[in-house]
């Protein structure tokens, strides 16, 4: 069953992610014929009123060839950063040329994980995307690998695409992949593996399909990252599709009956809660008991009485994960107390806070208005 607004031709605004293997050939050159065909269908969709944002990989691969770096530029962090610095110029030139041939203005946006985790910079990125689209440009987004490190990077453009879709309030995110969707097992080694065409809810069963090299055959670096991206996108109210990019005009091919996997969007959350749900970094964890877990499920705030343990170092207003006793992440929210005070009041009743801390400015440790429940 296809969700409302799909296939992507019927979506007002979409994000299309293109991986390095589709964009760059084994010799490190752009696959211009395939890219021209993709740009042609983007131009067709824009003529019909659709807005398109591209999330484009390929900078490191392009730069490594020009610098003569071994291992595709990924032999070290320094090599990857140098390759990205050179490759970004080549990548932006390629997109500007190809889109320009169709009378379309390309706009480059380079972001790091921190740009979309910091609330103010996230809103700035959102405003920039909105303005570029209103002016008729096609934003071409990539991670700023020339400055990103292991601590401040997405690590894959699947999740970046989902976060950009969230920031742009897109209707859909489409991941052009080297496989045509999520399979029940690795189709390369299991003849009984079946394509999962529709995912209504991302649960443990769906996550298990991405383990052990299933789906794309790339393990946690491949299909698992796509499912993590689907969590972000669907939680923000956008559908997400995984389809094969190994065809000419892949969006049209899929719209006309091509194979793929669709993750249905959840009900759109308020913007602040959507941002919270999509964050990839948090400052601490608050472990709660079963009673508090039931209370959160009913829409209540987190009170200190239900807290079993507090880990991490965070200030008031920082983002923290709320976890069950078995380690499941139940919710994410803004802490009403810093970590030191949270440890002191954990397990105590709200009316005892003033005696413990000397005052009682807030009864909740995480208020329900600043909390979002996550997938179990």
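Since every read-out is calculated from the coordinates, none of them should be taken as a lab result. Everything numeric in this text was worked out from a predicted model, so none of it was measured. Every residue, glycine among them, receives a Cβ derived from its backbone with ideal geometry; neighbour counts consider all protein chains shown.
For the chain, the antiparallel share of DSSP beta bridges with both residues in that region comes to about 40%. Working from label points 7 Å from Cα in the Cα-to-Cβ sense, the residue 77 to residue 340 distance is 3.0 nm. Computed over the alpha-carbon atoms, segment 232-376 gives an Rg to Rh ratio of 1.15, Rh here being the Kirkwood radius from the mean inverse distance.
Using 1/(1 + (r/R0)^6) with R0 = 25 angstrom and r between the beta carbons of residue 189 and residue 20, what's the FRET efficiency to the nearest 0.05? For R0 = 25 Å, the calculated efficiency reads 0.55. The calculated FRET efficiency for the pair residue 118 and residue 249, based on their C-beta separation and a Förster distance of 56 Å, comes to about 0.90.
For residue 48 and residue 374, the difference between the fully extended length at 0.36 nm per residue and the C-alpha to C-alpha distance is 113.8 nm.
For q values of 0.09, 0.15 Å⁻¹, compute log₁₀ I(q)/I(0) with the Debye formula on a Cα-only model of the chain, without solvent. Taken in order of the listed q values, log10 I(q)/I(0) reads -0.55, -1.30. If you plug the beta carbon distance of residue 362 and residue 259 into 1/(1 + (r/R0)^6) with R0 = 45 Å, you get a FRET efficiency near 0.30.
Per-residue packing, averaged as other Cβ atoms within 10 Å, sorts the ranges 156-165, 341-350, 50-59 into the order 156-165, 50-59, 341-350, beginning with the highest. Once you reduce segment 245-309 and segment 7-71 to the center of their Cα atoms, the two points are 27 Å from each other. Note on the chain: with a GNM built from Cα contacts shorter than 10 Å, the maximum mean-square fluctuation among 15, 319, 329 falls on 329. Placing a pseudo-label 7 Å from each Cα along the Cα-to-Cβ vector at residue 33 and residue 70 gives an inter-label distance of 3.3 nm. If one takes the longest principal axis of the Cα atoms in the chain, at what angle in degrees, from 0 to 90 and to the nearest 10, does the Cα axis of helix 32-47 lie? Helix 32-47 sits at roughly 70 degrees to that axis.
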